[in-house]
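Structure, as structure tokens:
Read-outs: derived from the displayed coordinates by stated rules, not from any lab. A quick note: this is a predicted structure, and the numbers were derived from the prediction, not measured. Methodologically, a virtual Cβ is constructed for each residue, glycine included, from the backbone with ideal geometry; neighbour enumeration extends over all protein chains shown.
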Ligand SMILES: [Zn+2]
């Protein structure tokens, strides 16, 4: 699932490539991901529009157009974007292709068909938009603490569900918990002041460092997801980079949580 660091790189790469480009044709190969909130028809309303910028809010990529409309893409589990020449091979499960005035194509592919591409004049009409928490880099420790306070569940779910801070998913929540040395299944209400501060600092540092790494590793190949540099996520069964304990993996609803039992003590039975 693309998360904040992945999406930041996609945004950085796409902004100079598409800004000022006009969409000359819209190919909706598989309409399941398309959400037209204009009432005018997705392809009809989008054809002839010009990209004004590429932005990101939480896990949503935003492409404001020179009209009042915005193309908003939530990649969910497996959505990918690619800016390619028409002769470049299309990814399997390419759902939407936007033909640009410079001859390139902006493509959206999605192996799971769970993502959503909204076309709207009103971002608040996107489900979940108004409940989204603040961006991590402008967030103060006090605000982080205040937003965490009402959360009754486990710390990992507090990080991923987006109210405390936007943009974090399954992978980076594991990385942040590891960097903060906090077990992902501890209740957030059980964390003391120092632990909350560590979690806050880790949120900032993990995301910033991941953006810097991905900028080098991904380059312009934005349809690739690079995760091999992570410390614990996706590394179940391998030694912890800090203490060499074998990294644990617990799967819930098909989604793995990875952590080190030595570096991140506690858990379900111990608060
Ligand atoms: Zn460890």
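Results, tabulated for the structure shown:
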quantity: Using a Förster distance of 22 Å, the FRET efficiency for residue 124-residue 67 (Cβ separation, nearest 0.05); calculated: 0.80
quantity: Estimated FRET transfer efficiency when R0 is 25 angstrom, pair residue 215-residue 57 (beta carbons, to 0.05); calculated: 0.80
quantity: Rounded to 5, percent antiparallel among DSSP beta bridges of the stretch 4-125; calculated: 90
quantity: Centre separation in Å (Cα based) which lies between the stretch 104-171 and the stretch 6-33; calculated: 20
quantity: Hull-based mean projected area of the chain, where the convex hull spans the alpha carbons, in square nanometres; calculated: 14.5
quantity: Nearest-ten-degree value, helix 170-180 long axis tilted from longest Cα axis of the chain; calculated: 40
quantity: DSSP beta bridges in the chain [antiparallel fraction, %, rounded to 5]; calculated: 95
quantity: Label-point separation, residue 101 to residue 25 (7 Å along Cα→Cβ), nm; calculated: 1.8
quantity: Normalised per residue, the volume of the convex hull around the Cα set of the stretch 136-259 (Å³); calculated: 114
quantity: Ellipticity estimate at 222 nm from DSSP helix runs (n ≥ 4, -39,500 (n - 2.57)) divided over the chain, nearest 500; calculated: -8000 deg cm²/dmol
quantity: Angle in degrees between helix 4-18 and the longest Cα principal axis of the chain, rounded to the nearest 10; calculated: 20
quantity: Computed lengthening from residue 47 to residue 225, 0.36 nm per intervening residue step minus Cα-Cα distance; calculated: 61.1 nm
quantity: Descending semi-axes in whole angstrom, ellipsoid equivalent of the stretch 4-125, from the Cα gyration tensor; calculated: 18, 17, 16
